[in-house]
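S.K.: Okay, here's the structure, questions in a sec.
We did not get these values from a lab; they are worked out from the coordinates using the rules stated. Computed from a prediction, not measured in an experiment: that's the story for all the values here. Every residue, glycine among them, receives a Cβ derived from its backbone with ideal geometry; neighbour counts consider all protein chains shown.
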Amino acid sequence: MRQSENMRSGDHNHDPDHDHDHDHDRYRGVGVRQAAILVAITLAVFSATLSADFVYDARLQILTDPFLHDPGNWLDVVTFRVLCRDVLDFNRPVHLASLMLDAAVWGREPFGYHLTSILLHAANVVLLWLLVRDVLAQGRGAGATPQAIVPMLAALAFAVHPVVVEAVCEPTFREDLLAAAFTLTAVVLAGRHAASPAGDFRRAFGCAACCLLAVASKESGVAAPFVLAAYRGLFHRGDRSRFWTVAIGGGLVAVMAFLAARFLLEPSPSRIFEARPEYPGGSLWEAVKIEPRILALYAQLIVCPMNLCADYGGISVGHLPLWAALVVLTVLAVFAAIAAWRDQRIAFGLALVLVPLLPVSNLVPIYRAAADRYLYLPLAGVACIAACLLDSAWVNARESRRQTVVVAAILVIVALALACVGRQAVWSTQLALWEDTHARNPASFNGANGLSGALREAGRADEAIAMGRRAVELSSGQRGDAWMTLALALDAAGLTADADAAAAKAVELDARLTDPDGRVAALAMEIGEAEGVKRILARRGP
């Protein structure tokens, strides 16, 4: 009797706040460990990229262009005054600042640039993990309490998906990582807002600032305030505090002001942006007819990333007629609408997919009609949807079913990780990149022209000549840069007469090629190429 009384007395004197604090600390400790595991796996999967070379545009922006390496440009970048200057990525000052930080530390060594991008990707993985945890906690009729492993699985799928390789492994495509980082940060910050009449203005201003930094990283960052609005509309409709007015309204005003400055202050004419982007197919109507096929391609790349390419073209969607693309998209839209109607968390995931795709949907001309990097932030939305499906009532109805689904998800992630490592090898050297691009898209002029130059640099002159002739053929013989690439390959093989003839044809088509240093300044030619062109032109005399 006395023992039971003592026990009851102990229960009576028990401090629930102490238990709450203990549970909170334990939960926080588990969270830290999970975040550390996500970072470790991301770094391990992308470790091979640390030894990769500079490829693609990085050779021009980091190795050729002196802008990043001049400390005198810092003031213009941090004040956004660079919007007035005729420099590469003048419209992306946050992106420029990140590259300039690397340049200040690493100079022209690729290791540090790759390390920064990988760390930034790892940070985005953690941000997505936090966001998925918050979204799952908003469950409306979602069955069992969300499993701790579900957000980790979603974040890991995003971390190792081969589609992200382009953005992570090419430092000058880091703009997509940065835009995603600030967009996800804005939503994670907003998710930690506690409704109160007084508001939460520091966090609200932080959200608005993230919206500005997102669009200053890349124009597609315009999606940030709209993603915030979707989050508020789906999960916090009853919150009437001024927090959302400041966070969303302030973010939208900042984004619109930046875009207005970007277009009003844009230098014209530009020696770097000599040609304006065009609609795929040549007109808005043709672009509207092509875009469904591009979107269907994107859906396939996310579900089955088997035909990733650095330069998509007509051949990438040529096998898919417009009617078939519309059928695929209609089926996806119907299933998405049903899923979103049944679970508002999936509706938010869809917003995170679709809103960032709008700026790159070719309704406004862009330089590249389709690219893997455009899918970086939308893939985070796909991961969020996958997490909601894993946390659905149907999956949680039976323990055996839940375990089977989790095991299947882990196997899919392992397969994605292996494909991700393989894709990184493609982006490790200039030769590997262009060999893969030409193999996947034989009709790509950029692929053939780039491969000719890479083969010449590798000392394989005969193959470089053959590929140079292919580039001339793909351009219908009407591009001076193709003829000059062929001239450099012929010269490397010792065929000086043929090289001189090809160079003469190049200059005939494009008189700007008579000034190699000017082409280097316009970032249309690398320094090594310019030296070869000078040597060939010197033989022609004045």
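S.K.: Once you charge only the Cβ atoms, +1 for Lys and Arg and -1 for Asp and Glu, what is the size of the charge dipole of the chain about its Cα centre, to the nearest 20 debye?
M.R.: Numbers: 47 positive and 52 negative charges, 264 e Å.
Taking the Cα centre of the chain as origin, the dipole is about 1260 debye.
S.K.: Right, something else. Would you mind computing Rg(Cα) / (2.2 N^0.38 Å) for the range 444-540, counting N as its residues?
M.R.: On the way: Rg = 11.7 Å, N = 97, 2.2 N^0.38 = 12.5 Å.
That works out to 0.93 for the range 444-540.
S.K.: Another question about this same structure. With n ≥ 4 as the cut-off for DSSP H runs, can you work out [θ] at 222 nm for the chain, using -39500 (n - 2.57) per run divided by the number of residues, rounded to the nearest 500? Each step should come with its number before you reach the end.
M.R.: On the way: 25 runs with 357 residues, N = 542.
Rounded to the nearest 500, the figure is -21500 deg cm²/dmol.
S.K.: Kindly give the semi-axes, whole Å and largest first, of the ellipsoid equivalent to the range 164-227, taking each as the square root of 5 times a Cα gyration tensor eigenvalue. Present the calculation step by step, with values, prior to reporting the outcome.
M.R.: Numbers: eigenvalues 145, 22, 12 Å².
Computed over the range 164-227, the values are 27, 10, 8 Å.
S.K.: What do you get for the angle between helix 430-440 and the principal long axis of the chain? Use alpha-carbon atoms, 0 to 90 degrees, nearest ten.
M.R.: It is inclined by approximately 80 degrees.
S.K.: Quick one: what are the phi-derived ³J(HN,Hα) couplings along the range 262-277, Karplus 6.51/-1.76/1.60 with θ = phi - 60°, whole Hz, x for glycine and proline?
M.R.: After applying 6.51 cos²θ - 1.76 cosθ + 1.60, I find 4, 7, 6, 9, 4, x, 8, x, 10, 7, 8, 9, 6, 10, 7, x Hz.
S.K.: How high is the relative contact order of the chain, given as a whole-number percent (alpha carbon pairs under 8 Å, six or more residues apart)? Mind showing how you got there, number by number?
M.R.: Numbers: 772 pairs, mean separation 90.2, N = 542.
Averaging sequence separation for qualifying contacts and normalising by length gives 17 percent for the chain.
S.K.: What is the diffusion coefficient of the range 414-488 in µm²/s, taking the Kirkwood radius over Cα pairs and the Stokes-Einstein relation at 37 °C with a viscosity of 0.692 mPa s?
M.R.: Working: Rh = 12.7 Å.
Here the translational diffusion coefficient equals 259 µm²/s.
S.K.: Evaluate the relative contact order of the range 444-540 (contact order divided by residue number), counting alpha-carbon pairs under 8 angstrom at least 6 apart; express in whole percent. The partial results should precede the final answer.
M.R.: On the way: 130 pairs, mean separation 20.7, N = 97.
The normalised contact order for the range 444-540 reaches 21 percent.
S.K.: Hey, got a sec? Which trypsin sites (Lys or Arg not before Pro) in the range 200-237 land in a DSSP loop and have at most 12 other Cβ atoms within 10 Å?
M.R.: Working: sites: Arg202, Arg203, Lys218, Arg232, Arg237; in loops: Lys218, Arg237.
Of the trypsin sites (Lys or Arg not before Pro), the ones in loops of the range 200-237 whose Cβ has at most 12 other Cβ atoms within 10 Å are Arg237.
S.K.: Cα extents of the range 68-139 along the three principal axes, largest first, in whole Å?
M.R.: Computed over the Cα atoms, the extents are 50, 29, 16 Å.
S.K.: I'd like the chymotrypsin sites (Phe, Trp or Tyr not before Pro) in the range 339-417 restricted to DSSP loop residues with at most 11 other Cβ atoms within 10 Å, sorted by number. Numbers along the way, then the final one.
M.R.: Working: sites: Trp341, Phe348, Tyr367, Tyr374, Tyr376, Trp394; in loops: Tyr367.
Within the range 339-417, the qualifying chymotrypsin sites (Phe, Trp or Tyr not before Pro) (loop, at most 11 other Cβ atoms within 10 Å) are Tyr367.
S.K.: Let me ask something else about it. Helix 496-509 sits at what angle to the longest principal axis of the chain, using alpha carbons and giving 0 to 90 degrees rounded to 10?
M.R.: Value to nearest ten degrees: 70.
S.K.: May I ask for the distance between the Cα centers of the range 445-498 and the range 364-385, given as a whole number of Å?
M.R.: 32 Å
S.K.: Quick one: angle between helix 461-474 and the longest Cα principal axis of the chain, in degrees between 0 and 90, rounded to 10, please.
M.R.: Orientation of helix 461-474: about 80 degrees from the principal axis.
S.K.: Could you estimate the translational diffusion coefficient of the range 275-358 from the Stokes-Einstein equation, with Rh from the Kirkwood formula over C-alpha pairs, at 10 °C and 1.306 mPa s, in whole µm²/s? Before the final figure, lay out the partial values.
M.R.: Working: Rh = 14.3 Å.
Rounded, D is 111 µm²/s.
S.K.: Further, regarding this structure: Sorting check: for 248-256, 100-108, which peptide has the highest mean count of neighbouring beta carbons within 10 Å, and how do the rest follow?
M.R.: Values: 248-256: 19.7, 100-108: 16.1.
Descending mean neighbour count gives 248-256, 100-108.
S.K.: Quick check on the exposure proxy: order Glu399, Glu175, Glu109 from fewest to most C-beta atoms within 10 angstrom. Present the calculation step by step, with values, prior to reporting the outcome.
M.R.: On the way: Glu399 9, Glu175 25, Glu109 13.
Ascending Cβ contact count within 10 Å gives the list Glu399, Glu109, Glu175.
S.K.: OK, next. What span do the alpha-carbon atoms of the range 338-450 cover on each of the three principal axes, reported in whole Å from largest to smallest?
M.R.: So the three principal-axis extents are 56, 35, 19 Å.
S.K.: Another question about this same structure. Cβ neighbours within 10 Å, averaged per peptide: list 304-314, 269-279 in order, most packed at the top.
M.R.: 304-314, 269-279
S.K.: May I pose another question? Determine the sum of side-chain charges near Leu297: Lys and Arg each +1, Asp and Glu each -1, restricted to other residues whose C-beta is under 11 angstrom from that of Leu297.
M.R.: Value of the local net charge: -1.
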